[in-house]
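Enquirer: What follows is a structure written as structure tokens; I'll ask about it next.
The values are calculated or read from the model by the stated rules, or taken from the named source; none is laboratory data. For clarity, every value in this text was computed on a predicted model and none was experimentally measured. Ideal geometry is used to build each Cβ from the backbone, glycine not excepted, and the neighbour counts take in all protein chains shown. All accessible areas refer to the heavy atoms of the entire protein, side chains included, with ligands and DNA or RNA removed. Shrake-Rupley method; radii C 1.70, N 1.55, O 1.52, S 1.80 Å.
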Amino acid sequence: MADSSEKPATHMRISINKVRTNIWKHVRRQAVHSLLVLLRNYLRGLALLIKRPRLAQELVAREQRIRELKSNLARERRKIRQLKKPERRQTPIGSVHYGDLRRLRPISQKFGFDRGKPIDRYYIENFLAHWSGDIRGRVLEIGDNSYTQRYGGSRVKVSDVLNIAEGNPQTTIVADLTRADHIPSDTFDCIILTQTLQLIYDLRSAVQTLYRILKPGGVLLATFPGITQTSCREYGEYYCWAFTQLSARRLFEETFPADSIGIEAHGNVLAVTAFVHGLAVEELRKEELDYHDPDYEFLITLRAVKPETALSQGRAIERLRRAILRPRSRSEGKALILLYHRVAELRSDPWSLAVSSDRFAEHLDVIRQYALPLGLQQLVQRLLDGELPDQSVVVTFDDGYADNLHIAKPLLERYDIPATVFLTTGYIGHERGFWWDELDQLLLQPGTLPESIYLKINESIYQQDLGEAAHYDEDAARRYRNWRGWQDAPTARHSMYISLWELLRPLAEGERRQVLDELLTWAGTESENRPTYRPLSLEEAVNLAQGELVEVGAHTVTHPFLSTLSVASQRSEILDSKANLEEILDRPVTSFSYPYGSRSAETVAIVRKARFACACSTRAELVRPSTPRFRLPRVHVADWDREEFTRRLSRWFSD
Ligand SMILES: [Zn+2]
């Protein structure tokens, strides 16, 4: 048992040694491991330390790159701005480099044909490409039919070519446009007339022929030179004219209805210089060709449409004459009451209210020659007597603009034609003009407005972004001069004008003024009473009524939409305007006209009870023996020329 007691002691010692060795090994391993971890962390830290400056460097490099890109962008923007807005900077005298342009003869005398495409072709072809949809059906082109083919394609059914002389095998019609009676009327769906009219001395006859030979609804696409060389070698014998937008418009408006004509000028000083030197399109940049400077009318393009219902002038007069010669019977009498507003020339006229003084004189002349002018009260008396004279015409004016006295009245006197002028009494002698004119001044005249508007009108919110249309220059104002409120709005300003017009119209005068004041504040302007838009002063109203020729009638106090007002408000609008006028003029006022033609059964009853003898609406109809005198229809007259006015009068009376 003793042996057995010794054995364990030796065994234990060995075990302890083993344990010690193991612990030592373990401690060593641990130490090595810790050292390795320390080393790894140290290396990582070292790497980070090395990396950080590299990251910082990269950051700096990227920032530098962004700065470069930004400055490139700014440079590009500047370039674009410069292209859009040619430098106003003055070049000092004596330091202009003429280079190749210092010469007395042009670089080419062939309009650029010898160098590429002539500059004027650039605008002509863009114009034709834009309106290529019009080139269809039977198409007439002057000289040859290259544009008909290129832009009309398969839309063209018959292609005609007109030349003044025989010789060109393409020619299908030999004619001088000023004496082309052998070309039948109403023949062409489209006429392409590029750079031709300047070679024709008798422009008016040529335009009349073009109008006559177009089908109703047919389109004329024409281009004319503005600033140009005349090139005597080729055309010297014929070259008569150079045009401006204005002369082209006036010329064509003598024959085509003004609102059927679209006209534009193109080019700038560089395009003009290049063209007169005979350079080619290829020698200029697109941005340079496209830049439009309204002071340099290089090429003028015109699109005019013959009205669908066009009736030839000769036929119109013939019809009128026949109608006059026809024996009149009591039952047959027909009269026409014409509705004018203003005799003036305006830069914008969204409601077609103005007729120029020349045109107004022409209208009066036609009335004198072909109709029977009557005063409104005379007409009412004849109606009451059951003796309505046929072909009688009554002239009336609404609203009470000062031009009625200064421009219309002397012309009425010259032609000895009576008229009734309906005055909105609240505006007489008023500092501010009619509300629709203030809106026009705010939105349709050149200037810069804030880009967006947010307005509360009568509990509803009005919001609009003008975007690019915030800025509106002379050129744009000219371009849209003939825009009318019933046509599509060409810019955000025009759509804003229409929406505000619709929002303002039903408001009471006080509310409307408040909104207009807010609009003026928004625009940062004040209301200015433009002289041409002035209502009559008190003294002028008295002068207008003086003499036998002009009758003054009432047109309410504030020009409201009567049918939307309470009966009490309607009554005060109607009765007060009558009382005001009778006080100012010291004579009875017996004619009334409903603003905007708006009326209800109550309105008519109030007018009748107020001892008016008659009231005029805006319904476009003839007056017949059975027409009620408190609902007299009237025909709105626009700025029509003599021919158009004659045609319309003839059409009315032949109804
Ligand atoms: Zn009116």
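Enquirer: Is region 113-259 best put as rounded, prolate or oblate by its Cα gyration tensor, with a ≥ b ≥ c the root eigenvalues, rounded for a/c under 1.5, and otherwise prolate when a/b is larger than b/c, oblate when not?
Expert: rounded
Enquirer: When ligands, DNA and RNA are left out and all protein chains stay put, how many square angstrom of accessible area per residue does the chain have with a 1.4 Å probe?
Expert: Per residue, the chain has 54 Å² of solvent-accessible surface.
Enquirer: Kindly state, as a whole number, the per residue volume in cubic angstrom of the convex hull around the alpha carbon atoms of region 150-207.
Expert: Each residue corresponds to 109 Å³ of Cα convex hull volume.
Enquirer: Additional query: Run the helix sum for the chain: -39,500 (n - 2.57) per DSSP H stretch of 4+ residues, divided by residue count, reported at 222 nm to the nearest 500 deg cm²/dmol.
Expert: Here the helix-only value at 222 nm equals -13000 deg cm²/dmol.
Enquirer: Give the peptides 601-613, 421-433 in descending order of average Cβ contacts within 10 Å, highest first.
Expert: 421-433, 601-613
Enquirer: Below 8 Å between Cα atoms, with a sequence gap of 6+, how large is the relative contact order for the chain in percent?
Expert: In percent, rounded to a whole number, it is 12.
Enquirer: Sticking with this structure for a sec: Quantify, in whole percent, the carbon and sulfur part of the accessible surface of the chain (1.4 Å probe; protein heavy atoms only).
Expert: 52
Enquirer: Where does each of 92-103, 184-195 land if you order them by average Cβ count within 10 Å, highest first?
Expert: 184-195, 92-103
Enquirer: Across 10 Å bins from the origin, how do the percents of Cα pairs in region 382-526 run, short distances first?
Expert: P(r) over region 382-526, rounded to whole percents: 9, 31, 28, 19, 10, 3, 0.
Enquirer: Quote the charge dipole size of the chain about the Cα centre in Debye, to the nearest 20; the model charges only the Cβ of Lys and Arg (+1) and of Asp and Glu (-1).
Expert: Here the size comes out at about 4400 debye.
Enquirer: Shifting gears a bit: Using the eigenvalues of the Cα gyration tensor, what equivalent ellipsoid semi-axes result for region 379-459 when each is taken as the square root of five times the eigenvalue, whole Å, largest first?
Expert: 39, 17, 13
Enquirer: How big is region 604-655 on each of its three principal axes, counting only the C-alpha atoms and giving the largest first in Å?
Expert: 42, 23, 14
Enquirer: Separate question: Is any helix in the chain, taking whole DSSP H runs, at least 24 angstrom long along its axis by alpha carbon and on average at least -1.0 on the Kyte-Doolittle scale, and which ones?
Expert: 2-84, 567-585
Enquirer: Answer rounded, prolate or oblate for region 176-310, using the Cα gyration tensor with square roots of eigenvalues a ≥ b ≥ c: rounded when a/c is under 1.5, else prolate when a/b is larger than b/c, else oblate.
Expert: prolate
Enquirer: What is the calculated FRET efficiency for residue 569 to residue 199, with r their C-beta to C-beta distance and R₀ = 51 Å, to the nearest 0.05?
Expert: 0.20
Enquirer: If I model a spin label at residue 58 and residue 154 as a point 7 Å from the Cα along the Cα→Cβ vector, what separation in nanometres do I get?
Expert: Taking the two extended label points, one gets 6.0 nm.
Enquirer: How long is the chain along each principal axis, judged by its Cα atoms, biggest number first, in Å?
Expert: In descending order, the Cα extents are 168, 79, 59 Å.
Enquirer: I've got another one for you. Calculate the spin-label point distance for residue 636 paired with residue 582, positioning each point 7 Å from the Cα along the beta-carbon direction, and give it in nanometres.
Expert: According to this spin-label approximation, the distance is 3.2 nm.
Enquirer: Residue separation times 0.36 nm, minus the C-alpha to C-alpha distance between residue 26 and residue 174: what's the value?
Expert: That pair, residue 26 and residue 174, stretches by 41.3 nm at full extension.
Enquirer: Hey, another quick one. Using only C-alpha positions, report the orientation-averaged shadow area of the convex hull of region 60-137, nm², one decimal.
Expert: 11.7
Enquirer: Here's something else I'd like to know. Taking a ≥ b ≥ c as the square roots of the eigenvalues of the Cα gyration tensor of region 520-655, is the shape rounded (a/c under 1.5), prolate (a/b larger than b/c) or oblate?
Expert: rounded
Enquirer: Another question about this same structure. Subtracting the Cα-Cα distance from 0.36 nm times the residue separation, let me have the gained length for residue 454 to residue 273 in nm, one decimal.
Expert: 60.5 nm
Enquirer: Give the separation of the Cα centroids, region 350-418 to region 639-655, in Å.
Expert: The two parts, judged by their Cα centres, are 14 Å apart.
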